[in-house]
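For reference, the structure is listed below as structure tokens.
Just so it is clear, none of the values below were taken in a lab; they were calculated from the coordinates. Nothing here was measured: the structure is a model prediction, and the numbers come from that model.
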Amino acid sequence: MLIASPYDAQARYAKKRGSARVGYKIHLSESCDDPERSQRPHLITHVVTTDATVNDAMVVEDVHDGLTSKNLLPSEHLLDAGYTSAELLLTAPTLRGVSVVGPVRSNNTRQSVQDGGFGKTAFTIDWQAEHAICPTGAKSRYWTAGLDNNGRDAIRTSCGRSDHA
């Protein structure tokens with residue numbers, strides 16, 4: 001394990017949008033009643049602390065669990081783009097009874113923003129044959145099911161450079 005701070009062996013190094021830090025992240029939930037209709041103050045309703053490397057989207061279930069245990073889970077949960085995912089937008093209403101509202105993260109992968117590459121939306125997936133087809137028509141050479149860095153189900157595929165000649 002890499003020690004990022006001699007003062008705290010559990011602190012981790014993370015970089016986000018050009019800003020680097022060593023330590024932890026704090027995820028706050030607060031009430032946000034419409035100020036036009038209510039004079040109630042905004043209150044912090046739940047706090048989750050993680051090491052700095054944890055992806056924000058991986059904390060939402062813990063936040064929902066905590067809010068549920070306090071009977072404070074809202075019917076509509078406003079989240080920023082770091083916390084939203086297609087999976088959460090689809091499952092939260094049925095599993096939790098909460099409508100998640102927030103922007104979906106854009107495709108900012110290296111391939112989608114640089115010339116000469118293809119973003120993931122440019123590929124066709126053949127689920128039955130278990131291969132991806134790139135925009136040039138080449139089929140992936142392998143299909144491996146596993147977990148991503150956040151412990152979620154993931155499938156990895158790859159085409160060889162010679163397939164694109």
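Observations on the model:
- Based on the convex hull around the alpha carbon atoms, region 44-155 presents an average projected area of 9.2 nm².
- Partner lysines for Lys25 [C-alpha distance under 23 Å; skip if fewer than 8 residues away on the same chain]: Lys15, Lys16, Lys70
- Counting only residues at least eight positions apart within a chain, or on another chain, the lysines with an alpha carbon under 28 Å from that of Lys139 are Lys120.
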